[in-house]
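Reading through the structure tokens given below for one structure.
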Amino acid sequence: QVQLVESGGGLVQPGGSLRLSCAASGSIFSINAMGWYRQAPGKQRGLVATITNSGSTNYASSVKGRFAISRDNAKNTVYLRMNSLSPGDTAVYYCNAAPPRYEPWGQGTQVTVSS
């Protein structure tokens, strides 16, 4: 069973950048697609970005052009580079397979965009 630990969040000003990391306790090599998800206060968790083993990526329209997902199978890690952050990006960010299959979810990492 793979366990996922997210890190890299924090408080950032509008227009700033962050890079999130998701470390897996087991190998993610066999997992075709990994994804980053986020949940803002009072909202349901939603998909932000996905990446397949071959490197194909997909993004939610709200983050396309600003966020970049990547993975390092050798390090069992998935990354999310976030640029041009705005207050609307404030949320707890999680990773999981895409579609998600691992329960429980990790604790997530809080991203707060505020001046």
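No value in this document is a laboratory result; all are computed from the given coordinates. This one's a predicted model, so the numbers in the text were calculated from it and none came from an experiment. All Cβ positions, glycine included, derive from the backbone under ideal geometry; neighbour counts span all protein chains shown.
Summary table
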{"quantity": "Unit charges on C-beta of K, R, D, E only; dipole of the chain, Debye", "calculated": "180"}
{"quantity": "Residues A33 and T112, FRET efficiency given R0 of 25 Å [Cβ-Cβ distance, rounded to 0.05]", "calculated": "0.35"}
{"quantity": "Relative contact order, percent, segment 24-108 [alpha-carbon distance under 8 Å, six or more residues apart]", "calculated": "33"}
{"quantity": "Per-residue ³J(HN,Hα) for segment 89-99, Karplus 6.51 cos²θ - 1.76 cosθ + 1.60, θ = phi - 60°, Hz, x for Gly and Pro", "calculated": "8, 4, 4, 8, 9, 10, 10, 5, 5, 10, x"}
{"quantity": "Overall dimensions of the chain by Cα: Rg and Dmax, Å", "calculated": "13.1, 41"}
{"quantity": "Range in the chain, longest, excluding exposed trypsin sites (Lys or Arg not before Pro) [loop by DSSP; at most 14 other beta-carbon atoms within 10 Å]", "calculated": "1-42"}
{"quantity": "Residue among L47, L80, L11 with the largest mean-square fluctuation in a Gaussian network model of the chain, springs linking Cα atoms under 10 Å", "calculated": "L11"}
{"quantity": "FRET efficiency estimate (nearest 0.05) - Cβ-Cβ, Y102 to K64, R0 35 angstrom", "calculated": "0.85"}
